[in-house]
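The values are calculated or read from the model by the stated rules, or taken from the named source; none is laboratory data. Quick caveat, the model's predicted, so the values are computed rather than measured. Note: ideal-geometry Cβ built from the backbone for every residue, glycine included; neighbour counts use all protein chains shown. Calculation scope for accessible area: heavy atoms of the full protein, side chains included, ligands and nucleic acids excluded. Shrake-Rupley method; radii C 1.70, N 1.55, O 1.52, S 1.80 Å.
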Amino acid sequence: MYPAEMDGVPVPVPVKHSSAEARRRFINDEWNPFLAELEQESEAAASRRAQGFLHHEVMPPHSVFASFTARCLSLTQRWHGRGNVSAVYEAFMRAAEWDGVSLYRFEDIRQGQSPDGYIRVLDASARRELYVKGSANKRRSEVVGRVPQATGESPIDNLVLPGLMRRDVARMLFVGHRIQQWFLRVLRRKQQKILGTFGLLEASPEIVRERLGAVALQDPKVPENSAAFRSLLERGTILQSYGQLPEDVREGLEQFLETEFRRSWPEHSFDPHPEVQDFLEHCHKHPGRSYGRSAVTHKHHLLRAFAAREVRLVWRSDLEKFTQHKYFVVKWSREHPLLARGNSPTGDPLVLRARGTPEVTRFRKNVFPYAESHGLGQSGGGCAELVDWPEQSLMYELGTLLCLDEASKVPNHNVTDIERIVRDCLVLCPDGPIEDHLPGETLHDVGQNPVVASSVGQTQHTQAMRCSAEDFPLLLERRAPRWVKRLASWLDIIQVGSNEDAFFVRVQTKTPASHEVLEFLIELRLMLMKELRDSVDFTVTCHPMQTGEFVLCMAPVACLKRIPPAPGSSVAFEHLNPITKDLFSEQRLPSACVDCSNGKGNVLAGSSEAWELAMEGREVLRRLYDFNRRPGTRKLVEAYFSRTLGNPLSEGEASPKKIQ
């Protein structure tokens with residue numbers, strides 16, 4: 001039964017528990033129209049990409065998905081009693097497939113399944129080929145009417161581009177863009193005149209191409225001398241985007257504009273004062289962080305930059321129009337402090353984020369996907385977001401220049417954020433069993449990789465993928481599950497490898513974000529860090545079940561080291577377990593690390609040999625966990641269980657029902 005009240009306040013009954021008529025009205029009158037809007041935006045993005053729009057024109061503005069997110073949370077709160085953004089996330093990922101950032105689509109990667117069902121293998125060699133092919137198709141670096149997308153402290157610290165730039169760069173961007181749009185309008189008027197001349201204003205694209213093709217056959221010089229005619233001949237429709245112009249026309253115009261800009265406005269005439277230039281470089285390399293590690297110093301130099309004629313301040317909403325990397329935001333509040341490994345002799349942890357701190361997760365697409373709807377959940381970027389401040393407000397428009405809550409820019413390496421993993425998973429999953437889900441809702445799991453499997457160490461991020469625990473048999477394994485009343489959870493240790501330390505802790509619960517469950521896992525991580533110092537790392541994941549429960553997995557692993565492969569070795573990258581001295585190349589494994597993908601059985605194979613190894617299924621996972629083991633962890637974990645829970649694995653309290 002759903003509670004009638006909480007703390008004396010009446011709780012609205014979720015619509016899904018109401019009458020059939022109430023459910024029908026909600027779905028038909030409110031949810032389905034909302035879902036149609038989401039689908040329309042996804043289809044519009046795909047259409048713009050297919051029509052040749054510029055990459056930064058493909059995705060809708062941030063404000064569109066910010067509005068969708070708020071509406072989705074409100075609607076799902078009413079339906080389920082707990083809000084989620086599953087439908088928005090899926091629509092966003094479908095749209096982001098076409099943003100021009102990813103060089104391949106996940107569906108283009110060859111997949112296979114081991115006979116026992118334990119491993120889904122992905123062809124990493126095909127993934128590399130698609131990436132190389134996509135790179136080769138990219139245009140040269142564009143400086144006119146575009147803005148570089150690479151900025152920040154890491155490859156993914158580029159969601160909000162810095163709003164300070166040299167005046168010559170700003171002119172290249174904004175004046176160049178205006179000239180490009182003027183040129184586009186001129187061509188559009190010429191195309192309308194051409195269509196009117198031949199009586200084709202109402203004709204279909206096929207008829208336009210057919211009629212103009214006949215004209216081109218009679219006089220081949222017509223398309224050669226007219227960009228407007230040639231574009232009509234190629235597309236059959238009037239141009240809608242500058243990106244639809246023929247490649248050579250764009251190249252010629254941009255080279256001309258770049259030459260003229262540099263001749264009219266020599267770069268040296270816009271050189272800022274050295275201190276201003278240093279501040280400018282800081283804002284691009286470390287967005288959202290105070291200059292000189294001082295808020296006062298930062299504000300002083302910011303005002304100085306505002307006054308410098310060589311520097312241009314650009315509103316964030318104006319710059320976002322040229323940003324390819326789009327995202328949407330979900331707010332939450334931290335209930336447990338975020339701890340990192342400290343350097344003190346006693347091993348005391350560092351508190352990076354205190355209890356009660358407001359947090360955000362910024363969901364974006366993973367540009368190198370290895371799963372369906374593969375996204376990243378990034379921490380804050382040192383700036384205000386639309387959930388708190390609207391466009392046109394100074395807090396929003398100045399973006400990372402204000403360094404708002406710069407402590408939110410926590411690193412990813414050695415900072416396993418269990419609470420963020422769980423909260424990201426919850427907000428991406430509808431409440432309850434799948435028969436309660438609204439149309440368009442689906443399940444997503446979330447995890448955070450250990451250091452050796454994370455290529456981006458400076459920016460905290462989780463990995464989100466569309467799947468449920470039922471998709472990967474290892475996640476459903478049980479050894480000696482016991483019901484722990486205090487946690488309202490089933491607790492188990494899953495022995496994956498043949499060595500006792502090749503395991504993961506498994507918690508199955510309906511309430512993964514409860515204070516007790518989070519505290520139990522956070523304290524377990526803290527204990528292992530104190531005991532084993534810098535010789536242990538963690539892979540932590542949260543997986544929804546189709547029954548409405550969640551499976552939390554924590555695998556303590558060794559801190560694998562990347563080392564150069566031996567001469568003649570068959571592996572491209574060698575890995576060493578520094579405790580056991582085992583080498584990856586000697587283990588007959590397709591992949592080296594227990595991370596949030598390989599660790600559940602979603603394995604990338606970089607060669608035909610690796611593909612065949614992955615087909616061994618559960619046996620490969622045994623060897624993988626054996627290779628990644630950190631000796632001594634099993635005994636420490638069992639001692640922690642005994643100390644905190646009274647050894648639930650041997651004397652668990654009676655369960656309210658048998659585990660499913």
At a 1.4 Å probe radius, which order do VAL505, VAL175 fall into by accessible area, largest first?
-> VAL175, VAL505
Row for the stretch 488-543, column shape: gyration tensor on C-alpha, a ≥ b ≥ c, rounded if a/c < 1.5 i.e. under 1.5, prolate if a/b over b/c, else oblate; value oblate
Please tell me the relative contact order of the chain in percent, rounded to the nearest whole number, where contacts are Cα pairs under 8 Å and at least six residues apart.
-> 15
Taking 0.36 nm per residue of separation between TRP315 and THR580 and subtracting their Cα-Cα distance, the length gained on full extension comes to 90.0 nm
Stretchable slack from GLU21 to ASP108, in nm (0.36 nm times residue separation minus alpha-carbon distance) = 27.1 nm
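Ignoring ligands, DNA and RNA, please state the percent of accessible area on the stretch 176-249 from carbon and sulfur, probe 1.4 Å.
Roughly 53 percent, rounded to a whole number.
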Return, in residue-number order, each cysteine of the chain whose C-beta is not under 4.7 Å from any other cysteine's C-beta.
-> CYS72, CYS283, CYS383, CYS403, CYS429, CYS467, CYS553, CYS559, CYS593, CYS596
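Give the residue list of GluC sites (Glu not before Pro) in the stretch 158-222 that are DSSP loop and have at most 10 other beta-carbon atoms within 10 angstrom.
Taking the stretch 158-222 and a limit of 10 other Cβ atoms within 10 Å, the loop GluC sites (Glu not before Pro) found are GLU202.
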Amide proton proximity set for LYS365, modelled H, under 5 Å, gap of 5+ = LEU376
Reported to the nearest 10 Å², ASP108 has, with a 1.4 Å probe, an accessible area equal to 80
What relative contact order, as a whole-number percentage, does the stretch 21-126 give when Cα pairs under 8 Å and 6 or more residues apart are counted?
-> 24
Ignoring any ligand, DNA or RNA, what whole percent of the accessible area of the stretch 472-582 comes from carbon and sulfur when the probe is 1.4 angstrom?
-> 53
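Dipole of the stretch 132-272, Cα-centred, from +1 at each Lys and Arg C-beta and -1 at each Asp and Glu C-beta, to the nearest 20 debye?
On the way: 22 positive and 18 negative charges, 72 e Å.
Result for the stretch 132-272 is approximately 340 debye, rounded to the nearest 20.
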Multiply the residue separation of GLU435 and SER226 by 0.36 nm, subtract the distance between their alpha-carbon atoms, and state the gained length in nm to one decimal.
-> 69.3 nm
First check a/c for the stretch 363-456, with a ≥ b ≥ c the square roots of the eigenvalues of its C-alpha gyration tensor; if it is under 1.5, answer rounded, and if not, answer prolate when a/b is larger than b/c or oblate otherwise.
-> oblate
What size of dipole, in debye to the nearest 20, comes out for the chain about its Cα centre when the only charges are +1 on Lys and Arg C-beta atoms and -1 on Asp and Glu C-beta atoms?
-> 820
TRP611, TRP31, ranked by accessible area, largest first (probe 1.4 Å) = TRP611, TRP31
Taking Rh as the Kirkwood radius computed over C-alpha pairs, what is the Stokes-Einstein D of the stretch 259-381 at 10 °C in a medium of viscosity 1.306 mPa s, expressed in µm² per second?
-> 85
Looking at (1) 346; (2) 211; (3) 179, which value of volume of the Cα convex hull per residue in Å³ comes from a calculation on the structure shown?
-> (2)
Once the dipole of the stretch 1-114 is set up from charges on Cβ (+1 Lys and Arg, -1 Asp and Glu), the residue from the list PHE53, GLY83, GLN113 lying farthest towards its positive end is GLN113
Efficiency of FRET from Cβ geometry, THR644 and ALA480, R₀ 25 Å, rounded to 0.05 | 0.90
Per-bin percent of Cα-Cα distances, the stretch 505-629 [5 Å] = 2, 10, 18, 19, 18, 14, 10, 7, 3, 1, 0
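Take ILE434, ILE119 and sort them by solvent-accessible surface of the protein heavy atoms, 1.4 Å probe, largest at the top.
Working: ILE434 80, ILE119 0 Å².
From most exposed to least exposed: ILE434, ILE119.
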With the Cα gyration tensor of the stretch 10-135 giving a ≥ b ≥ c as the square roots of its eigenvalues, does the rule (a/c under 1.5 for rounded; else a/b larger than b/c for prolate; else oblate) give rounded, prolate or oblate?
-> oblate
Residue farthest toward the positive end of the dipole of the chain, with Cβ of Lys/Arg at +1 and Asp/Glu at -1: which of ASN158, VAL143, ALA20?
-> VAL143
When ligands, DNA and RNA are left out and all protein chains stay put, how many square angstrom of accessible area per residue does the chain have with a 1.4 Å probe?
-> 44
Paramagnetic label zone (point 7 Å from Cα along Cα-to-C-beta, GLN392; backbone N under 19 Å) in the stretch 303-322 = 314-321
Toward the positive end of the charge dipole of the chain, about the Cα centre and with charges on Cβ (Lys, Arg +1; Asp, Glu -1), which of ASN412, ALA469, TYR291 goes farthest?
-> TYR291
Might you work out the accessible area of LEU54 for me, using a 1.4 Å probe with all protein chains in place, and round it to the nearest 10 Å²?
-> 10
